[in-house]
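This report concerns only the one structure given below.
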Amino acid sequence: MISTAGRPDGQPDLKKPTALRGVVGVWDRELAVTVLGLALYRKLLTIHGDDEFIHLAEGEEKMIPHQVALGNKLDFIDRWGKILTVCCVVIGILIAAVLLYQAWQVTLQIK
């Protein structure tokens, strides 16, 4: 529940976060920063356009292992980016649900 400490009228302070909400909020922000970092890393890997064309012509055989390795890296980054994005959204929705529930509980106490 929301703490009433520090309020002279005994009413709960809706702006004061609970410890759990604060920890989960920080964790959600860290996930968001990680997702942005993965997106930036992916962009840096593909900045040269090496992933746009398949090199099959004569003399380009040496590019094939590089492209396979780059494709594997991009698949790994994309998979973790999607997983972490879903986690971040779910945690954000849970935080919003807890905030709405606590606000609803406060309105029941005020009446």
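Here are the numbers:
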{"quantity": "Residue check for residue 90: at pLDDT 85 or above and within 30 Å of residue 109 (Cβ to Cβ)", "calculated": "yes"}
{"quantity": "Subset of region 31-60 that is more than 20 Å from residue 78 (Cβ to Cβ) and either charged (D, E, K, R) or at pLDDT 85 or above (or both) - its residue that is surrounded by the most Cβ atoms within 10 Å (Cβ to Cβ)", "calculated": "60"}
{"quantity": "Inter-residue pairs, beta-carbon under 8 Å, first free of Cβ contacts under 8 Å to residues at least 60 places away in the same chain and on the phi < 0 side of the Ramachandran plot and in region 82-111, second among the polar types (S, T, N, Q) and surrounded by 13 or more Cβ atoms within 10 Å (Cβ to Cβ), 6+ apart", "calculated": "84/34"}
{"quantity": "Identity of the residue in region 15-30, assigned to a loop (DSSP other than H, G, I, E, B) and of a type in the set (Lys, Arg), that ends up modelled with the lowest pLDDT", "calculated": "15"}
{"quantity": "Residues of region 26-35 satisfying the condition of being of a type outside the set (D, E, K, R) and under 8 Å from the mean Cα position of the chain (by Cα)", "calculated": "31, 32, 33, 34, 35"}
{"quantity": "Single residue of 83, 110 found to be exposed (fewer than 10 other Cβ atoms within 10 Å of the Cβ), out of contact with any Cys (no Cβ under 7 Å at 6 or more places or on another chain) and at pLDDT 70 or above", "calculated": "110"}
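The values are calculated or read from the model by the stated rules, or taken from the named source; none is laboratory data. As the structure is a computational prediction, the values presented were derived from the model and not from experiment. Neighbour counts run over all protein chains shown; Cβ positions are idealised from the backbone, glycine included.
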